[in-house]
Amino acid sequence: MAVLVDKKTRVIVQGITGTQGTFHATAMLDYGTKVVAGTSPGKGGTDIKGIPVYDTVKEAKKAQDATASIIFVPAAFAADAALEAISQGLNPVVVITEHLPVKDEIRVIHVAFERGITIIGPNTPGIITPKAKQKVGIMPGHVFAPGNVGLMSRSGTLTYEIAAGMTLAGIGISTAIGLGGDPCVGLTPTEGLKLFRKDKETKAIVLVGEIGGDAEERAAAYIKEGFDLPVVAFIAGRTAPAGKRMGHAGAIISGSTGTAEAKIRALEDAGVAVAKRPSEVPQLLKKLM
Amino acid sequence: MAVLVDKKTRVIVQGITGTQGTFHATAMLDYGTKVVAGTSPGKGGTDIKGIPVYDTVKEAKKAQDATASIIFVPAAFAADAALEAISQGLNPVVVITEHLPVKDEIRVIHVAFERGITIIGPNTPGIITPKAKQKVGIMPGHVFAPGNVGLMSRSGTLTYEIAAGMTLAGIGISTAIGLGGDPCVGLTPTEGLKLFRKDKETKAIVLVGEIGGDAEERAAAYIKEGFDLPVVAFIAGRTAPAGKRMGHAGAIISGSTGTAEAKIRALEDAGVAVAKRPSEVPQLLKKLM
Amino acid sequence: MKLYEMEAKEIFRSFNITTPAGYAAKTPEEARKRATEIGKPVAVKAQVLAGKRGKAGGIKFADTPDQAEAAARDILGMRISDLPVEAVLVEEKLDIQQEIYIGITVDRNERKYVVIGSAAGGMSIEELAVKSPEKIVKMYVDPMLGFQSYEAQEMAVAMGFPSKMVRSVAGFILGLWNVADAYDAELTEINPLILTKDGRLLAADARLNIDDSALYRHKKLIDGIKRKPAEQNERERLAAEHDMAYVELDGNIACICNGAGLTMATLDAVALHGGNASTFLDLGGGADAERVKKGIEIALMYPNVRAILVNIMGGITRCDEVAKGVVAARQERGVSIPMVIRMVGTNEKQGQEILSSAGIPFLKTMEEAAERVVQLTKEVA
Amino acid sequence: MKLYEMEAKEIFRSFNITTPAGYAAKTPEEARKRATEIGKPVAVKAQVLAGKRGKAGGIKFADTPDQAEAAARDILGMRISDLPVEAVLVEEKLDIQQEIYIGITVDRNERKYVVIGSAAGGMSIEELAVKSPEKIVKMYVDPMLGFQSYEAQEMAVAMGFPSKMVRSVAGFILGLWNVADAYDAELTEINPLILTKDGRLLAADARLNIDDSALYRHKKLIDGIKRKPAEQNERERLAAEHDMAYVELDGNIACICNGAGLTMATLDAVALHGGNASTFLDLGGGADAERVKKGIEIALMYPNVRAILVNIMGGITRCDEVAKGVVAARQERGVSIPMVIRMVGTNEKQGQEILSSAGIPFLKTMEEAAERVVQLTKEVA
């Protein structure tokens, strides 16, 4: 089981001939992911470490029966790449690229939504399902052990930090989803909770949030309505000042909205165990599971 | 019964305070149409011959429980007006205005289609259902007698010419639809045939076509597939030269496509009785009905 | 509104569509100068809003500035499809390896823009459709999303280009879409898009017809090119000014009616009775006496006209107004050629009376009227 | 990228948004000249990328050119929110009847643009949300269709304007949407939109923040306004140049990490142990030794820094490279303040060895590291 990515996932790497594309296509292959094709307009007919390269996703999908896509193309072309993946019905479409214009994000997310396709990201490390040995992303695979906790996070390395801590504590992960660090992303925490709820393998949730927006508050409201799995959360940016963008385009306190305090309050109010430090996450999980 | 417009139709006149809007709102009222409201941003709260005027369609619809719209606003604003009507779920939306940019037409027609709304026109005289004494259009109502023939036409006065001939011959009309003289219109002849097919009151069809495009050929193909009502057609422009726009934006033979000969051939091949002159239409109808 | 090749190319270049080095010239001397500047063999091309200019001798090649001057002298004197050639485009001559077609137009049935391409270009799309329909690739443009870069790439692949050309061909396709979208194109083409022997891609010809209904959105462009929207003769210009649809034909009977469909049907009726129309003139809806008179005056300016048929289906248009206009035209202009009037509908009786007292014949059906006017034309001849 | 009021207003005007007559001035003398040209009482407004400039004394009114010069002299010397005021906008003073708010931003949850309006403007939208939430009207923009003219009219109606004002208010709303759409606005506002006592509507203030990720689409604009995209100090500029996320804070511990979330969490950990961060510095993914060294160098340029905490979760980033960078920074720059390094993951062992042989302390968990650096800072102080 797990969500979004499993053993049946067959991945196209869009932008496979770039440095990032090549590096991570190889890393995904090494981890076990079924990377069945790559695309790079103008480079069709070549291959990258044995992965056949096509000019278009259309050809790649047709030839290799692909089901999902991961996008490494530069920001100015990423929206086009995502629309291309969507047009071929690939699902999910994982957009690793950062610095996409928000206008492009809105358009891509909307089109995907209309066609029932899940966009992960942009500006995400991707998704990983350790048991299936499938990652569609750039995370270090060895950090994630298989298990029953669904992990969702708005950040990358902080996720690895927490996953590593869980692994050390003997707690495994069903699927870890990098939601992406941008203000507008394809999958919100609430939508992620809905996915995990339907997954029989997932027995608890870790939600790693950060300042900016009110996605965590909305997730809390959803949890409060009767979400039936235990949830542990960590919110980064308790000490971040207002009005400053903390690395992620989405990590900014605007006026009085988006503070860590408000998020923590809402989550605790919904019965979520909120860790003060990343290392507390495994302890809280053990208490709840 | 009849199609698109009946006794339950409650019409908003968009652009009611303009010369055309006022003139035809009055003419529709006189004919018997339930003109329940008009719109004209900035003129809300006034009235035209007792018809209340609102700033927006939203207000007009809410206050007067309207179901359909007819648009008289200038070409540059007509697409916006149509989208406004569509957003309020009015159906059909009759666009009298001519000279709409084709790009606007494409957009409006597409949005309407997505929401299940029928656009009539642009550049149409509108729709009339004589038995219900309802016209949503600018045609002279007295020319149309109630009866069982569904009339569709790409032109205005030629329709009146043919309708008048039918009336003189004692043949009445269920509903007459002006499809519009532009290359891209909301309702094609084929779609019109589908509407009439579902109407129990309609026992025969008159299709008035003209040069340009291949909408008539497509209608012929549809008829050939097994359309079960008798159809009489007249095609204007047998003697029109290639490459010249004959009044309507849509009436142009491009290369070898859009000729009257091709249309007549296709229709006759589908078993349609094609009149050589407008006055033959009633004779042919009598033979077939 | 049709743009001249040179005008369209200027727009194309602003959308990063590469064209051959070239300049417009209005005199043979200027053409020589331009050829000298280019410093290579050139093509000298008539700037005229008509197809088939090649077959009409409107394109000549020149190896030297002397030859370019001579070619321009020939071409600048020509009329092509009855249109005078007032400028030439002097352009680098290309060494052709392949001619490609790309074009964008509106598909009436889909009610979408459609992008059309073929790796076998150099002839019109109609000819292509006959000669190698299997080589034509069509893609519809999503009305909400527009045409995407990846779609242009898919199109280049479908057209059969090798991988190494996919991006460059797609670039031209996308550029053309951007032109179409930005300028409300009714039709825009690059035909041929040329692949030279040294591997360059260049738009060797450029066509851009802007939707007349959308011209109000392109005032800047129109102001910039400093000319009237279309190639029109005086009569056409006058009719357009008065918002009447006017088309000149080969016959000798001017048909003046209200409504495009009715006017076409009237032309057809004239033909059915053995006559030939000289004029399609649609007065539009609700014409008053003044407008009717103006329509008759415009029709009479065309020397071919031997008789006039006025056919009015009165609705908003009132027959009495039409009659007044006819009488006024006849009296003020002293019309000597035969006139046949057919009017029915609103205020028919009043109109009939006005015509009767002016001694103008009046008929009730369009067939009678058509028959009559054909008869009268023959009597006159 | 935030635009100055004067820059935003120039763009607004090009979208037919009326603004008061006004000109920028960089000197008091110029302000006098501008006030003379306007010939009416004026407002002299600090051009600064910070809110609340009114409360900070950055807006003064002047009845005469003399007064305008004096006001400009005052304001041009100011710093507002620690930013120097380098220009003022001298503008016709308006006779206010009503202050209106309109703004457009991105709604994260809907993932759509949202248009916000209130007939009770003149304060920030946050204040409005507290003081009169019932007066705020929100409309989401269809991601495919954009915002339509009729929607702007519906909005004006919903904001409570009388019929006779619907079109004019809607015109401002639609104009603002056109600005937002054309310039990839993250936020754009007219606050206040002023209705004067004589019935005119004017955009009295203008805010336009362009999405930094979309700046590549607006090169023309950026070239046109001839300045750097943002108000940055030397360190911020340098970090941006090296594509590192860098934020200065009030404390004294520079946190250099890989990943925004990890950096924030590191700041939090420092605080949990009683310390205060001076610096948020995210090296991004896959930093090599050179980049690590550069990051440390930039952090050290900030005089507040008393200790450095490097916290690396190795994935693509290799710990040996990080260690090399740290050692290089320390040796080449002779760093004298305490440094605490925490690294785990890829090539952790190799990294540890490099640090050990250079005598730099190395810890395995971020909590230990945070605790240690806070301790060291206190010892130093």
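The values are calculated or read from the model by the stated rules, or taken from the named source; none is laboratory data. All of these numbers come straight from a predicted model, not from anything done at the bench. Cβ coordinates were reconstructed from backbone atoms using ideal geometry, including for glycine residues, and neighbour counts include every protein chain displayed.
Could you say whether any residue in region D:186-207 is over 26 Å from the mean Cα position of the chain (by Cα), under 14 Å from D:Arg13 (Cα atoms) and of a type outside the set (Phe, Trp, Tyr)?
Yes, region D:186-207 has at least one match.
Looking only at region D:241-248, decide whether some residue is more than 13 Å from A:Met246 (Cα to Cα), within 23 Å of the chain's Cα centre (by Cα), in contact (Cβ under 8 Å) with a residue 12 or more places away in the chain and within 13 Å of chain A (Cβ to nearest Cβ).
Looking for residues that are more than 13 Å from A:Met246 (Cα to Cα), within 23 Å of the chain's Cα centre (by Cα), in contact (Cβ under 8 Å) with a residue 12 or more places away in the chain and within 13 Å of chain A (Cβ to nearest Cβ), one finds at least one in region D:241-248, hence yes.
One residue is enough: does region C:325-340 have a residue meeting the conditions aliphatic (A, V, I, L, M) and touching a residue at least 60 places away in the same chain (Cβ under 8 Å)?
no
Among the residues of region B:34-44, is any surrounded by fewer than 20 Cβ atoms within 10 Å (Cβ to Cβ) and part of a helix (DSSP H, G or I)?
No, because not a single residue in region B:34-44 is surrounded by fewer than 20 Cβ atoms within 10 Å (Cβ to Cβ) and part of a helix (DSSP H, G or I).
Condition first: of a type in the set (D, E, K, R) and at pLDDT 95 or above. Now tell me which residues in region C:41-59 satisfy that.
Within region C:41-59, just C:Lys45 meets the criteria.
Only one of these conditions is not met by A:Ile253: (1) among the β-branched types (Val, Ile, Thr); (2) at pLDDT 95 or above; (3) within 30 Å of D:Ala50 (Cα to Cα). Which number is it?
(2)
Among the residues of region A:172-192, write down those that are buried (at least 21 other Cβ atoms within 10 Å of the Cβ) and in contact with a helix residue (DSSP H, G or I) (Cβ under 7 Å, 6 or more places away or on another chain).
A:Ile173, A:Ala176, A:Ile177, A:Gly178, A:Leu179, A:Gly181, A:Asp182, A:Pro183, A:Cys184, A:Gly186, A:Thr188, A:Pro189
If the requirement is being over 30 Å from C:Ala180 (Cβ atoms) and facing another protein chain (nearest Cβ under 9 Å), which of these qualifies: B:Asp55, B:Asp65, B:Asp80?
B:Asp55
From D:Tyr101, D:Tyr150, D:Tyr183, grab the single residue that is touching an Asp or Glu at 6+ places or on another chain (Cβ under 6 Å) and not small (Gly, Ala, Ser).
Testing whether each residue is touching an Asp or Glu at 6+ places or on another chain (Cβ under 6 Å) and not small (Gly, Ala, Ser) leaves just D:Tyr150.
Scan region A:239-259 and give yes if some residue there is under 16 Å from A:Ala273 (Cβ atoms) and of a type outside the set (Asp, Glu), otherwise no.
no
If you take the residues in region C:211-229 that are assigned to a helix (DSSP H, G or I) and under 17 Å from the mean Cα position of the chain (by Cα), which one is modelled with the lowest pLDDT?
C:Ile222
Just to be sure before I move on: is C:Gly122 in contact (Cβ under 8 Å) with a residue 60 or more places away in the chain, surrounded by 18 or more Cβ atoms within 10 Å (Cβ to Cβ) and not hydroxyl-bearing (Ser, Thr, Tyr) in the structure I sent?
Answer is yes for this residue.
When you scan region B:104-136, how many residues do you find that are within 23 Å of B:Val281 (Cα to Cα) and within 9 Å of the chain's Cα centre (by Cα)?
Going through region B:104-136 one residue at a time, the tally reaches 5.
Given the conditions (1) basic (Lys, Arg); (2) modelled with pLDDT of 95 or more; (3) in contact with a helix residue (DSSP H, G or I) (Cβ under 8 Å, 6 or more places away or on another chain), which single one is not true for B:Lys49?
All conditions are met except number (2).
Does B:Pro92 count as modelled with pLDDT of 95 or more and under 22 Å from B:Ile177 (Cβ atoms)?
Yes: the conditions hold for B:Pro92.
This table checks each residue for (1) in contact with a Gly (Cβ under 6 Å, 6 or more places away or on another chain); (2) within 7 Å of chain B (Cβ to nearest Cβ); (3) more than 16 Å from C:Pro338 (Cα to Cα).
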{"position": "C:Ala265", "(1), (2), (3)": "no, yes, yes"}
{"position": "C:Asn276", "(1), (2), (3)": "yes, no, no"}
{"position": "C:Phe280", "(1), (2), (3)": "no, yes, yes"}
{"position": "C:Gly286", "(1), (2), (3)": "no, no, yes"}
{"position": "C:Ala289", "(1), (2), (3)": "yes, no, yes"}
{"position": "C:Ala299", "(1), (2), (3)": "no, no, no"}
{"position": "C:Arg306", "(1), (2), (3)": "no, no, no"}
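Please count how many residues of region D:69-114 are within 30 Å of A:Gly121 (Cβ to Cβ) and either among the β-branched types (Val, Ile, Thr) or part of a loop (DSSP other than H, G, I, E, B) (or both).
Final tally of qualifying residues: 8.
Filter region D:325-354 for residues that are away from every other protein chain (no Cβ under 14 Å) and buried (at least 23 other Cβ atoms within 10 Å of the Cβ); which is nearest to D:Glu297 (Cα to Cα)?
Filtering region D:325-354 for residues that are away from every other protein chain (no Cβ under 14 Å) and buried (at least 23 other Cβ atoms within 10 Å of the Cβ), the one nearest to D:Glu297 (Cα to Cα) comes out as D:Ala329.
Restricting to region B:62-81, count the residues that are assigned to a helix (DSSP H, G or I), touching a Leu at 6+ places or on another chain (Cβ under 9 Å) and buried (at least 24 other Cβ atoms within 10 Å of the Cβ).
Number satisfying all stated conditions: 2.
Looking only at region D:227-236, decide whether some residue is surrounded by fewer than 21 Cβ atoms within 10 Å (Cβ to Cβ), away from every other protein chain (no Cβ under 13 Å) and either of a type in the set (S, T, N, Q) or under 17 Å from A:Ser155 (Cβ atoms) (or both).
Yes: region D:227-236 contains one or more residues that are surrounded by fewer than 21 Cβ atoms within 10 Å (Cβ to Cβ), away from every other protein chain (no Cβ under 13 Å) and either of a type in the set (S, T, N, Q) or under 17 Å from A:Ser155 (Cβ atoms) (or both).
Just need a number here: residues in region B:31-72 that are out of contact with any Asp or Glu (no Cβ under 6 Å at 6 or more places or on another chain) and either among the small types (Gly, Ala, Ser) or in contact (Cβ under 8 Å) with a residue 60 or more places away in the chain (or both).
Counting residues in region B:31-72 that are out of contact with any Asp or Glu (no Cβ under 6 Å at 6 or more places or on another chain) and either among the small types (Gly, Ala, Ser) or in contact (Cβ under 8 Å) with a residue 60 or more places away in the chain (or both) gives 16.
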